[in-house]
């Protein structure tokens, strides 16, 4: 039975890429537009860079344009976010609220190696 599901791996990868990108874009819109929720900190230069990466990078991953290099940059952004802002509070991601950063980091790393899947502007 599972062998038949393998035929749909490119589409499943595309769904993972698209949903991840849509969720990631919200972090950028939150920083710049206060949507869907207010951003609690003032926008210092580091948060502006993060917001641009989240908006522009998220849109590029969403449509599957330069997915591998963009995903590599976004994985790095999430690693930096985790180690700079979350890890100093606690070693445990559940305690330091860094679960999303860790998960995004590894999903983006997966996209670096797997590519965009189906339904992308750039084909693998």
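Only the coordinates and a few stated rules stand behind these numbers; no lab work does. Predicted, not measured: the structure shown is a model, and the values here were computed from it. Backbone-built Cβ (ideal geometry, glycine too); neighbour counts: all protein chains shown.
Here are the numbers for this structure:
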item	result
Calculated FRET efficiency for the pair residue 35/residue 80, C-beta based, R₀ 25 Å, to 0.05	0.55
Inter-probe distance in nm under a simple model that places probes 7 Å from Cα toward Cβ, at residue 6 and residue 49	4.3
Label-point separation in nm, residue 123 to residue 89, each point 7 Å along Cα→Cβ	4.5
Mean Cα-pair separation over length for the chain, i.e. relative contact order, pairs under 8 Å, 6 or more apart, %	30
Mean ellipticity per residue at 222 nm, deg cm²/dmol - from DSSP H runs of n ≥ 4 across the chain, formula -39500 (n - 2.57)	-19000 deg cm²/dmol
For 90, 6, order by how many other beta-carbon atoms lie within 10 Å, fewest first	6, 90
